[in-house]
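Q: The structure that follows is given in the form of structure tokens.
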Amino acid sequence: MHAKRVTAMLRMRRFEEQCVELSKAGQLLGHYHVYIGQEATAVSACAALTADDFVFSTWRNHGHLLAKGASPQKMMAEILGRSGGYAGGKSGTLHLAVRELGVPTTSALVGASLPLAIGSALACKRRGSGIALAFFGDAGLEEGAFYEATLLASVWRVPILFVCENNSIPPEQRKRGQYTSSTLPAARLLDVPLALKVPAEAVDGADMDALDECFNRLIGEVRSGGGPRFVEVRCTRWPGNIMTWPELPGGAWQLAWAFGAKPENAQIVDWLASDPLVLYLRKLAAAGALDRSQVEAIDQRARTEMADAVRFALASPYPAPAEAYRHVWA
Ligand SMILES: Cc1ncc(C[n+]2csc(CCOP(=O)(O)OP(=O)(O)O)c2C)c(N)n1
Ligand SMILES: [Mg+2]
């Protein structure tokens, strides 16, 4: 299980680094958002799901889709707008979705997929199988759609897990144990779902074992008819996480950083204290569960796989002009 978790996290990280490199090279046009530093959340949450379940997401969806089993080749082709992508190049990164994997849509609009997730959860309740899981950012709580969705979830007691990924926490606040969102008057995000009688709790997004315990328990409760649940996953912004055009400060993530080497970039040094991958690797090494050479082999496979995904995507042609008129609903 440990090797599986590490593999899944490294695949996401190396995939995102390829996006940053493609963007720098002018091959990925438009803006995009990477999941670096939040990998443990998607890995852990999706490990507790079944093929009957639905996942909804936002613009920051690459990690969620990889965790649901999407092909990096078809994802990368879609992100580059190529015909070999999941939507033939029409959705790009912002609306990347794979219906056959239970991800009917992701959305670039803050809060927009939440009411749709409630609809899917209601469908699950009626057909008697499956649950819905909605990933969204902390700014989702600033949208009316969130209140509508949470209210309906609570009144109808539909099987949904709200996963609020609060990544807007500066490192210095994390050190002091404070977690606020940017503009919400309720500085404690959990006060909001609790007021609507949705049981809510927080978990450390840098702690894989805590996430596993939390997701297994909450998804179990939702699945067994307990009604909706809300979890705030507290993560710390990765320094390269510039809203629209991320960078790789200090270069690509180095495996050696998990094993004692110190990055030159001071921001990265600070952030590593809350990097879920580094913390998990150190814990596994200390417990003798996975050693450095095993991790190196996993990393090498992840790098090769993601380099292949880029080659596949770049070799895929742009959609033919006539395609612009297909799948248009008017
Ligand atoms: C309805 C709407 N308003 C504004 C925006 C512009 N916008 C894009 S991302 C974003 C902030 C999102 O923050 P958060 O939900 O915390 O997610 P994160 O990007 O931090 O993962 C905003 C305001 C938008 N996409 N949709
Ligand atoms: Mg955020």
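Q: Is any residue of region 266-283 close enough, with backbone N under 20 Å, to a label point placed 7 angstrom from the Cα of Glu296 along the Cα-Cβ axis, and if so, which?
A: Residues 278-283 qualify, since their backbone N sits under 20 Å from the label point.
Q: With each pseudo-label sitting 7 Å past Cα toward Cβ, what's the Val155-Arg99 distance in nm, one decimal?
A: That separation, rounded to one decimal, is 3.0 nm.
Q: Quick one: how many Å² of Asp212 are accessible to a 1.4 Å probe, rounded to 10?
A: 10 Å²
Q: A further question on this structure: If you roll a 1.4 angstrom probe over the protein chains with everything in place, what fraction of the accessible area of the chain belongs to carbon and sulfur, to the nearest %?
A: 56 percent
Q: Using a cut-off of 23 Å between alpha-carbon atoms, which lysines can reach Lys24, once sequence neighbours fewer than 8 places away in the same chain are excluded?
A: Qualifying lysines at Cα under 23 Å: Lys74, Lys90.
Q: To the nearest 500 deg cm²/dmol, what mean residue ellipticity at 222 nm is calculated for the chain from DSSP H runs of n ≥ 4 alone, each contributing -39,500 (n - 2.57), summed and divided by the residues?
A: Result for the chain, helices only: -13500 deg cm²/dmol.
Q: Using Cα pairs closer than 8 Å and at least 6 residues apart in sequence, work out the relative contact order for the chain, in percent.
A: Relative contact order for the chain comes out at 23 percent.
Q: Now a separate question. Taking only protein heavy atoms into account and a 1.4 Å probe, give the accessible area per residue of region 1-77 in Å².
A: Computed with neighbouring chains in place, this is 29 Å² per residue.
Q: Continuing with this model, one more query. Please figure out what share of the DSSP beta bridges in the chain is antiparallel and state it in percent, rounded to the nearest 5.
A: The answer is about 5 percent antiparallel.
Q: Starting from 0 in steps of 20 Å, tell me what percent of the Cα-Cα pairs of the chain lands in each bin.
A: Distribution as computed: 32, 59, 9 percent.
Q: Would you work out the charge dipole size for the chain about its Cα centre, treating the Cβ of every Lys and Arg as +1 and the Cβ of every Asp and Glu as -1, and quote it to the nearest 20 debye?
A: 540 debye
Q: Taking loop as defined by DSSP and a crowding limit of 11 other beta carbons within 10 Å, which GluC sites (Glu not before Pro) in region 198-294 fit?
A: Glu264
Q: Mind checking which aspartates and glutamates have their Cα closer than 19 Å to the Cα of Lys283? Skip sequence neighbours fewer than 8 apart in that chain.
A: Straight-line reach from Lys283, under 19 Å: Glu39, Asp204, Asp207, Asp209, Asp212, Glu213, Asp270, Asp275, Asp291, Glu296, Asp299.
The values are calculated or read from the model by the stated rules, or taken from the named source; none is laboratory data. This is a predicted model, so every value here is computed, not measured. Methodologically, a virtual Cβ is constructed for each residue, glycine included, from the backbone with ideal geometry; neighbour enumeration extends over all protein chains shown. Each accessible area value is taken on the protein alone, full model and side chains, heavy atoms only, with ligands, DNA and RNA left out. Shrake-Rupley method; radii C 1.70, N 1.55, O 1.52, S 1.80 Å.
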